[in-house]
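The values are calculated or read from the model by the stated rules, or taken from the named source; none is laboratory data. This one's a predicted model, so the numbers in the text were calculated from it and none came from an experiment. Note that each Cβ is placed from the backbone with ideal geometry, even for glycine, and that neighbours are counted across all protein chains shown. Surface accessibility is based on the protein's heavy atoms, side chains included, excluding ligands, DNA and RNA. Shrake-Rupley method; radii C 1.70, N 1.55, O 1.52, S 1.80 Å.
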Amino acid sequence: MEPNESAKVIATAGGDAAFAKMIGLDPTAKGICQRVNNWKRRGIPATVVLENLKTIRQLEKQAAANADGQAVGKRSA
């Protein structure tokens with residue numbers, strides 16, 4: 001997954017720790033939040049995307065809906 005898409009998905013989930021929990025990682029374990037944070041710059045690895053495809057696709061849809069809502073709000077302002 002491209003880094004900019006990854007960053008949007010992670011942000012939509014509620015941040016590094018929230019995204020880690022959503023995909024079954026323990027955010028309190030050493031290095032997990034840093035790993036997720038790195039994905040915002042490097043992209044979420046394909047294996048992680050495939051293993052969590054349903055969750056990630058839902059977050060992508062939510063991020064797109066949020067972006068559409070913000071774009072509409074900006075036009076009316």
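Expressed as an acute angle from 0 to 90° and rounded to the nearest 10, what is the orientation of the C-alpha long axis of helix 3-13 relative to the principal long axis of the chain? With rounding to tens, the tilt is 90 degrees. Quick one: angle between helix 32-42 and the longest Cα principal axis of the chain, in degrees between 0 and 90, rounded to 10, please. Its long axis makes an angle of about 50 degrees.
A Stokes-Einstein calculation at 37 °C with viscosity 0.692 mPa s, built on the Kirkwood radius of the chain over Cα pairs, returns a diffusion coefficient of 256 µm²/s.
Could you give the angle, 0 to 90 degrees to the nearest 10, between helix 53-76's Cα long axis and the longest principal axis of the Cα atoms of the chain? The angle comes out at about 30 degrees. Protection proxy ranking of 3-12, 45-54, 30-39, by the mean of other Cβ atoms within 10 Å over each peptide's residues and highest first, is 3-12, 30-39, 45-54.
Once neighbouring chains are kept in place and the probe is 1.4 Å, which whole percent of the accessible area of the chain is contributed by carbon and sulfur? Answer for the chain: carbon and sulfur cover 52 percent of the accessible area. So which lysines pass the test for Lys40, namely a Cα distance under 20 Å, with those fewer than 8 places away in the same chain ruled out? Qualifying lysines at Cα under 20 Å: Lys8, Lys21, Lys30, Lys54, Lys61.
For Gly43, neighbours were defined as the other residues whose beta-carbon sits under 11 Å from its Cβ, and their charges (Lys and Arg +1, Asp and Glu -1) total +1.
Electrostatic tally near Ile56: other residues with Cβ closer than 12 Å to its Cβ, Lys and Arg +1, Asp and Glu -1, net +1.
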